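To start, the structure under review is shown below, and the notes come after it.
We did not get these values from a lab; they are worked out from the coordinates using the rules stated. Only a predicted model underlies this, so the values are computations on that prediction, with no experimental measurement involved. Cβ coordinates were reconstructed from backbone atoms using ideal geometry, including for glycine residues, and neighbour counts include every protein chain displayed.
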Amino acid sequence: MSGSTRDRSPTVRGTSAEATARSTGVPVLLHQGPADREAVEALAARLTAPVELLVEPELPALAAALASARAYLGGDSGVSHLAAAVGAPSVILFPPAHLPRWTPWSPTARPIAASGGPDEVRRVTQALEDALTAASR
């Protein structure tokens with residue numbers, strides 16, 4: 001999650017994480033930053049897959065968790081850029097206007113324009129499943 005309301009797309013991320021967790025058996029870990037409590041609690045309550053919370057970790061612990069993640073899903077935020085920087089297979093939702101300037105340089109990052117269109121959950125879920133497949137090779 002991200003503390004900025006502009007960067008939140010919890011419905012897409014939650015639905016995609018849920019679908020991917022069900023189809024792959026991969027556990028879901030939600031990061032909660034200082035401004036994310038309500039959004040994380042709402043998302044965790046909606047998910048039927050088992051969820052673990054990583055609440056306000058120190059930066060080295062967050063970086064270590066991201067580095068060992070099988071995949072990462074998030075919005076345009078500092079945490080998403082950190083995930084890409086440490087090499088986590090990352091699916092990152094960006095406002096379309098931000099893609100050209102803010103897409104991470106990491107080859108493990110898969111930027112997606114968050115358009116809010118009807119196929120967005122399918123596209124994000126497929127990208128997350130692709131990231132998991134690539135990571136297991």
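For region 21-68, the calculated P(r) over all alpha carbon pairs, in 10 Å bins from 0 to the bin holding the longest distance, is 25, 50, 25, 1 percent. Each of Glu120, Glu52, Glu41 was scored by other Cβ atoms within 10 Å of its Cβ. Listed from fewest to most, they are Glu52, Glu41, Glu120. Summarising the amide proton neighbourhood of Leu54: residues at separation of 5 or more, or on other chains, whose placed amide H is nearer than 5 Å comprise Leu30, His31, Gln32.
Taken one residue at a time, the phi angles of region 108-120 give Karplus couplings (6.51, -1.76, 1.60, θ = phi - 60°) of 8, 8, 10, x, 10, 6, 7, 8, x, x, x, 9, 4 Hz. Gly and Pro are set to x.
For Asp76, the amide hydrogen comes within under 5 Å of the amide hydrogens of Leu93, counting only partners 5 or more places away or on other chains and with H modelled in the peptide plane. For the chain, averaging the sequence separation of C-alpha pairs within contact (under 8 Å, six or more residues apart) and dividing by the residue count gives a relative contact order of 24 percent. Quick note on region 5-135: its Rg to Rh ratio, both from C-alpha atoms and Rh being the Kirkwood radius, is 0.92. The mean sequence distance of close C-alpha pairs (under 8 Å, at least 6 residues apart), as a share of the length of region 23-62, puts its relative contact order at 52 percent. Listed from fewest to most Cβ neighbours within 10 Å, the set Leu82, Leu53, Leu59 follows the order Leu59, Leu53, Leu82. Summed over qualifying helices (DSSP H, 4 residues or more, each -39500 (n - 2.57)) and divided by its residue number, the chain shows a 222 nm mean residue ellipticity of -13500 deg cm²/dmol. For region 5-135, a simple Cβ point-charge model (Lys and Arg +1, Asp and Glu -1, everything else neutral) yields a dipole of about 280 debye relative to the Cα centre. Report the Stokes-Einstein translational diffusion coefficient (µm² s⁻¹, integer) for region 69-120, Rh taken as the Kirkwood radius over Cα pairs, at 37 °C with viscosity 0.692 mPa s. For these conditions, the coefficient is 302 µm²/s. Multiplying the residue separation of Glu52 and Ala135 by 0.36 nm and subtracting their alpha-carbon distance yields 27.8 nm.
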